[in-house]
1. Being within 16 Å of the ligand (Cβ to nearest atom), farther than 22 Å from residue 262 by Cβ and without any contact (Cβ under 8 Å) to a residue 24 or more places away in the chain narrows it down to one of 176, 150, so name that one.
2. Return the only residue of 303, 335 being assigned to a helix (DSSP H, G or I) and more than 13 Å from residue 200 (Cβ to Cβ).
3. Given the criterion within 19 Å of residue 292 (Cα to Cα), modelled with pLDDT under 90 and in the same structural domain as residue 343 (by TED's automatic domain parsing), identify the matching residue among 260, 218, 203.
4. Criterion first (farther than 26 Å from residue 329 by Cα and more than 11 Å from the ligand (Cβ to nearest atom)) does residue 284 satisfy it?
5. Please identify the pairs in which a residue from the stretch 265-276 that is in contact (Cβ under 8 Å) with a residue 60 or more places away in the chain and not assigned by TED's automatic domain parsing to the domain that holds residue 190 has its Cβ atom under 7 Å from the Cβ atom of a residue that is buried (at least 24 other Cβ atoms within 10 Å of the Cβ) and not in a loop (DSSP other than H, G, I, E, B), counting only partners at least 6 apart or on another chain.
6. List the helices (runs of 4 or more DSSP H) inside the stretch 14-109, counting only whole elements, that have at least 3 residues being at pLDDT 90 or above.
7. With respect to residue 202, is the statement that it is assigned to a helix (DSSP H, G or I) and either under 29 Å from residue 348 (Cα atoms) or away from the ligand (no atom under 15 Å from the Cβ) (or both) true?
8. Any residue that is within 16 Å of the ligand (Cβ to nearest atom) and surrounded by fewer than 22 Cβ atoms within 10 Å (Cβ to Cβ) - is there at least one of those in the stretch 161-172?
Ligand SMILES: [Fe+2]
């Protein structure tokens, strides 16, 4: 194997050196090609087999490999396959006798750029090499362009998602203006739900939807009268029914916006379902209630209890925990309650961030959030 020239010119229009490897077990044929390629400004390395050619490429990459089909050790087809895997940017041209043209054509399907037939007509070789390199340049340019496009599309998709989340966030803020007692509630429900989902080992995409679902779970309260929303005393049956329309109202508001986040939408609709089937709006029971909603139900009730509400003070933390345990299996999915309590024990839920009323003495309120 010999290096036939050290003068390396760049490929016109690029910074790539014009390096090629000529592979043939017949030294005479190699030299004919090398002379030709050098005459065209290439730096050439010669190899007597596919194995030697791979060694040459490992030492220094080349833009072009001209290889014979029949060689000892590793033949031209085997070399082509290896180059496609290891050096996909290197163009491969096969050198073949006329009798082997059908094999060479098959090699095009395996990624060869072109083939040359022996005996060589030098002008033809020159023209085919130029064509092959031009084809390679276009392929690489096209790939770079695709990569650039994909990057641009990804940036735009991220921007769209940010804008989308901002519009949802402004809806949530509109609700907070109307119902100051929900201030911080949705964010805490989102946090607790996220921790529960992670504790249960759910995957990142699901956790993201649950996080969003928590932030917007009560959005339907926008449709509830303020006099009912902020009523200090107990609600009448009609008022309670009115306020409990919020899961379906929220689901209707967000349905067109959350088509790509169906789990977040389920949280909105089903966070007041109960494990025993006595919840609203669909009266689903047990595992028929989607997991994301079973998670949100525990997070929502925990935060509603530990926070100060217009109709009652906050419930102390230990009393809330006791109540969650008592209602596990009736109102709540026991696995979700266990996950929540273990997250509380492990510190995954920061006790200092728990709702503002949790340390205040208070009466044990009826279980559940309005
Ligand atoms: Fe709710």
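The values are calculated or read from the model by the stated rules, or taken from the named source; none is laboratory data. Treat the numbers as computed from the prediction; the structure is a model and nothing was measured. Positions of Cβ are generated from backbone atoms using ideal geometry, with glycine treated the same way; all protein chains shown enter the neighbour counts.
1. One residue alone meets the criteria, 176.
2. On the way: 335 fails: more than 13 Å from residue 200 (Cβ to Cβ).
Sole residue among the options that is assigned to a helix (DSSP H, G or I) and more than 13 Å from residue 200 (Cβ to Cβ): 303.
3. Being within 19 Å of residue 292 (Cα to Cα), modelled with pLDDT under 90 and in the same structural domain as residue 343 (by TED's automatic domain parsing) holds for just one of 260, 218, 203, which is 260.
4. Numbers: farther than 26 Å from residue 329 by Cα: no; more than 11 Å from the ligand (Cβ to nearest atom): yes.
Criteria not met by residue 284.
5. Listed pairs, sorted by first residue: none to list.
6. 27-39, 50-59, 76-86
7. Working: assigned to a helix (DSSP H, G or I): no; either under 29 Å from residue 348 (Cα atoms) or away from the ligand (no atom under 15 Å from the Cβ) (or both): yes.
It is false that residue 202 is assigned to a helix (DSSP H, G or I) and either under 29 Å from residue 348 (Cα atoms) or away from the ligand (no atom under 15 Å from the Cβ) (or both).
8. Filtering the stretch 161-172 down to residues within 16 Å of the ligand (Cβ to nearest atom) leaves 171-172.
Imposing the further condition that a residue be surrounded by fewer than 22 Cβ atoms within 10 Å (Cβ to Cβ) reduces the set to 171-172.
Scanning the stretch 161-172 turns up at least one residue that is within 16 Å of the ligand (Cβ to nearest atom) and surrounded by fewer than 22 Cβ atoms within 10 Å (Cβ to Cβ).
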